[in-house]
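Here is the structure we will look at, set down as structure tokens.
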Amino acid sequence: MTPRMLAALIALVLGLGAAPALAQTYPTKPVRIIVPYPPGGGNDIVARALGQKLTESLGQNVLVENKPGGGTLIGAEAAAKAPPDGHTLFVGTIATMAINPSLYKEMPYHPVKDFAPIIHLVNYHMILVAHPDLPVKSVAELIAHAKANPGKLSYASFGSGSTPHLGTELLKTMTGIDMVHIPYKGGAPAIADLVGGQVPVMFIDTPPALTHIKAGKMRALAVSPAQRTALMPDLPTVGETVPGFGFTSWAGLYATAGTPAEVVAKLNGEINRILKLPDIHEQLSKLGADPVGGTPKNLAEWMAAETVKWAKVVKDSGAKLD
Amino acid sequence: MDLLGNLSLGFGAALSPANLLYCLIGALLGTLIGVLPGVGPIATIAMLLPITFKLSPLAALIMLAGIYYGAQYGGSTTAILVNMPGESSSVVTCLDGYQMARQGRAGPALAIAALGSFFAGCVATLIIALFAPVLAELALKFGPAEYFSLMVLGLLAAVVLASGSVLKAVGMVILGLLLGLVGTDVNSGMARFTFGLTDLSDGIGFVAVAMGLFGLTEIIINLEHPERQPQVTAKVSHLWPTKADFKAAWKPVLRGTALGSILGILPGGGALLASFSAYTLEKKIAKDPSRFGKGAIEGVAAPEAANNAGAQTSFIPLLTLGIPSNAVMALMVGAMMIQGVAPGPQVMTERPQLFWGVITSMWIGNLMLVILNLPLVGMWVKLLKVPYRLLYPAILMFCAIGVYSVSNNAFDVGMIALFGLLGLLFFKLGCEPAPLLLGFILGPFMEEYLRRALLLSRGDATVFLTRPISLGFLIASALLLLTIVAPAFRKLREEAFVED
């Protein structure tokens, strides 16, 4: 049995086998997945793991192409302008698909009109950490400390308009506390200054947080999602103190708008299967990421809800890019 | 940790088979481009930057460092045998080295140059090892205010010690600062000077600037001259210097090493300044200065020791403070940033293996160079016969592939071409591109630290004066500024650079 036949069979078993000839022949050449970040980050690792599994099951090479730069606009633009045949895919994130439209006056692409959602890949947890010298051990104490010292507290982020920035702004509006935003160019320098005690508070990604928390250089206060995470079940969520609060950073897979529905369905079926594999689960949990899956429609609805949610945060915080 | 512990940690890291290999590659490549006139270490390192993406940070720095000091060895070979400096820092070696070769003493000249360099390399390695921990103590006290003041000092020093007109150096630094402003502002997220181009929203790529300004420009300038193939006249018969040679050479080697080590640490210093000063010093204190230029062994020994010592100690400000003292070190900062290593005092404390690994690799590399170079002299000389019409297009092609591979973007390839032409313009106007590169690298950092320091102090600018380390840097900067303005110093400075 050839891999292509196998793929068709799997699609059939999953109830997506009604696809006509096109889906049976797709892919006819190597597929590239554009990642709008440099190699090495969470989204890049997810895309590479996915690419490897897809190569095995689709019978064509599925390669990752990193197109970093322009606050993810460069990679997204390249993907939006690719031919709509399913041979160019795109890892769209909370930034490219939900936040950027509220930040930028002019965008070189439209998240809804230019892309066909395939599947919601993962949600990343972020951890709210504090420098050990800051006399707070929980979210409640942080809020109390901030209220007792108005305007004295600062928080770091990976950049203006980044998820940690807007996530903290959301926390500020929901609790009425005042903290000054100190933006950094990317995660590494921000983490260095947090460890060095220059800035006391930040939402950071799970992998670097784990090392520093273990070394006692950061104190974990809470996790960002609505539910506790399996990786650190003892750590409360921010929402347990601030009801209704919760956010995750996320990524989905997209094709260019106009890609045949059969191709989208075939990829959706394949990836739903891949996201359930144990070795993928293990890789993702190291990144502090939860596999999501679901239908293309699920992703479209999620995007719409996220766009509305962050548009309000951007508006309330006054963050605006050009 | 004590000195021995530090060194053994470094040797442990540098002696891994992969790192030894990259050390060897760097040293060999450095010798190669050192031998070839027209291709220098700055251009080579600029062109190799994209390759280092695939390496570990330690391997990348080891290889790039090897290119720099390897070039000092290679340059002297061409200088002695062909009377053409393979490297700008071996210009003075031509004077007496070639004369020695004409007198049939090419072998001893090469041997003294290599052994003198090796000795200087050993001493410089030790100096770095002793110097570094003292500065590391300070590292933990560095916040945004300290970094800002340190960078002010670094940029001013680059202007003071750049050769040529002060005004032009200031102009180039400012141009560099302006180029560094292009891109998305970190604090507000606003796009600055991008002309609506998404490709510019992350700023101008460091690799494109470095490759264009140094690599491409150098090739264009060389093409202006009709192709001249160097003629190798001297034969290398015996290598080992006589007892009398050693006796005459050991003191100049010591003096050259001392002078080179000091000049290397100074901003704007490095191998070039060191070799000129060492030669001048030897000539001044010699009993019979008329022997110089006629094959005096001191005239080979001192500058060769000095340029190697200078090449190595110029790593001190880079590795300990993150401040590049010359264009090669500026490229190293770029290489570190590409690897995700933020340059600064914290490198020593947070990544001791990287820090000590690079330092010990220099000693290993120097040893390799002595062992390899003397027997291989004949092979290096044959390389001079490779016609440039084959060499240059090959270099250009690798440049284009290299810069494209950085982020799979054709825009960057266009940028090198643009900066290559800009570099040609600077050359014609007599403006040195090194201060521009320093401004370009330090500028964005400076702005970021300035604004972050002010954000953290809630707009209180006295933070730069109330923090003692920051105040110290600012006082030093003010003194430097005075020396630029003071007429007496200006005269001195002009005299110092007449020797070039």
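Spin-label model, A:ALA144/B:LEU367: points 7 Å from Cα along the beta carbon direction are separated by 6.1 nm.
DSSP beta bridges fully contained in the protein assembly as shown are about 65 percent antiparallel.
Please report the relative contact order for chain B, taking Cα pairs under 8 Å with a sequence separation of at least 6, and give it as a percent rounded to a whole number.
Relative CO of chain B lands at 28 percent.
Among A:THR88, A:THR241, A:THR168, determine the one that fluctuates most according to a GNM of chain A built with springs between C-alpha atoms less than 10 Å apart. It is A:THR241.
Across the stretch A:39-91, the mean sequence separation of Cα contacts (distance under 8 Å, 6 or more residues apart), normalised by length, yields a relative contact order of 26 percent.
Select from chain A the helices, each a whole stretch of DSSP H, whose alpha-carbon atoms run 30 Å or more along the helix axis and whose Kyte-Doolittle mean is at least -0.5; answer none if there are none.
A:296-317
Equivalent ellipsoid of the stretch A:106-211: semi-axes from √(5λ) of the C-alpha gyration tensor, largest first, are 28, 16, 14 Å.
Orientation-averaged projection of chain A equals 15.9 nm² [convex hull of Cα atoms, one quarter of hull surface area]. Each of B:LEU223 and A:LYS152 was given a label point 7 Å from its Cα along the Cα-to-Cβ line. The distance between the two points is 6.5 nm.
In this structure, the amide hydrogen of A:SER157, modeled 1.01 Å from its nitrogen in the peptide plane, lies closer than 5 angstrom to those of A:ILE182, A:TYR184, counting only residues at least 5 positions away or on a different chain.
Fewest neighbouring Cβ atoms within 10 Å first, the residues B:TRP363, B:TRP356, B:TRP240 line up as B:TRP240, B:TRP363, B:TRP356. B:GLY74 sits among other residues whose Cβ lies under 15 Å from its own Cβ, and their net charge, with Lys and Arg +1 and Asp and Glu -1, is -1.
Normalised by 2.2 N^0.38 Å, where N is the number of residues, the alpha-carbon radius of gyration of the stretch B:71-116 equals 0.94. Here the Kirkwood formula, the inverse mean of 1/r across different C-alpha pairs, assigns the protein assembly as shown a hydrodynamic radius of 28.9 Å. Site pair A:ASP316 and B:VAL386 shows an inter-label distance of 6.3 nm when each label is modelled 7 Å from Cα along Cα→Cβ. Taking N as the residue count of the stretch B:2-107, its C-alpha radius of gyration divided by 2.2 N^0.38 Å amounts to 1.26. For the modelled label position 7 Å from the Cα of B:GLU350 along Cα-to-Cβ, which residues of the stretch B:174-213 have backbone nitrogen atoms closer than 16 Å? Nothing falls inside the zone, counting backbone N under 16 Å.
Looking at the P(r) of the stretch B:374-432, how many percent of alpha-carbon pairs lie beyond 18 Å? Taking all Cα-Cα pairs of the stretch B:374-432, the fraction more than 18 Å apart is 59 percent. Here, the stretch B:3-498 has an Rg and a Dmax of 22.2, 72 Å when only alpha carbons are counted.
For B:TYR69, B:TYR22, the sequence from fewest to most other C-beta atoms within 10 Å is B:TYR22, B:TYR69. Counting Lys and Arg as +1 and Asp and Glu as -1 over every other residue whose Cβ lies under 12 Å from the Cβ of B:LEU424, the net charge comes to -1.
Would you mind working out the magnitude of the charge dipole of the stretch B:3-498 relative to its Cα centre, with +1 at each Lys and Arg C-beta and -1 at each Asp and Glu C-beta, to the nearest 20 Debye? Let's see the in-between values first.
Working: 29 positive and 23 negative charges, 242 e Å.
Dipole size: approximately 1160 debye.
Taking the longest Cα principal axis of chain B as reference, the axis of helix B:468-485 is set at about 60 degrees.
A short reminder: the numbers here are calculations on the coordinates, not readings from a lab. The structure displayed is predicted, hence computed values, not measured ones. Neighbour counts are summed over all protein chains in view; Cβ atoms, including those assigned to glycine, are modelled from backbone coordinates with ideal geometry.
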